[in-house]
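The values are calculated or read from the model by the stated rules, or taken from the named source; none is laboratory data. The structure displayed is predicted, hence computed values, not measured ones. So basically every Cβ, Gly included, is an ideal-geometry build from the backbone, and we count neighbours across all protein chains shown. Only protein heavy atoms, including side chains, enter the accessible area calculation; ligands, DNA and RNA are left aside. Shrake-Rupley method; radii C 1.70, N 1.55, O 1.52, S 1.80 Å.
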Amino acid sequence: MELPPLSAAPLSTSTGLAATPSQQAPSQSAVDFEAMFLGQMVDEMLSTVNLGDFGGGHAEETWRSFLSDAIGRSIAEQNTTGIAGRIDTAIQRYQTGQDL
């Protein structure tokens, strides 16, 4: 049994024209992945910063991950790094089997 290749239907914008992947808003899963990735990067950066008398201890270690996640989420929601767009394109390529 041979299956025909999958084809992606072009997404339409408000103008009625087909949108290219760079013009579309990335999917929520791609934004979530970007937020998680950026949160881990920020956490690593914060772990190397000397906060002087205001840092250190068990509480700082506990709450630093929450702060890192919030900063990563904030950066991801701005949609300025391009990571989510690339992830979304990769997901679409994987799902359709096509080169977009």
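Converting phi to 3J(HN,Hα) with the Karplus coefficients 6.51, -1.76 and 1.60 and the offset θ = phi - 60°, segment 64-71 yields 4, 5, 5, 5, 4, 5, 5, 5 Hz in sequence order, with x at every glycine or proline. Spin-label model, THR80 to MET45: label points 7 Å out along the Cα-to-beta-carbon direction sit 1.1 nm apart. Largest to smallest in accessible area, the residues ARG73, ARG64, ARG93 fall in the order ARG93, ARG73, ARG64 (1.4 Å probe, all protein chains included).
Give me the number: length gained by fully extending ALA59 to GLN98, i.e. 0.36 nm times residue separation minus the C-alpha to C-alpha distance, one decimal in nm. Before the final figure, lay out the partial values.
Numbers: separation 39, 0.36 × 39 = 14.04 nm, distance 4.87 nm.
Length gained between ALA59 and GLN98: 9.2 nm.
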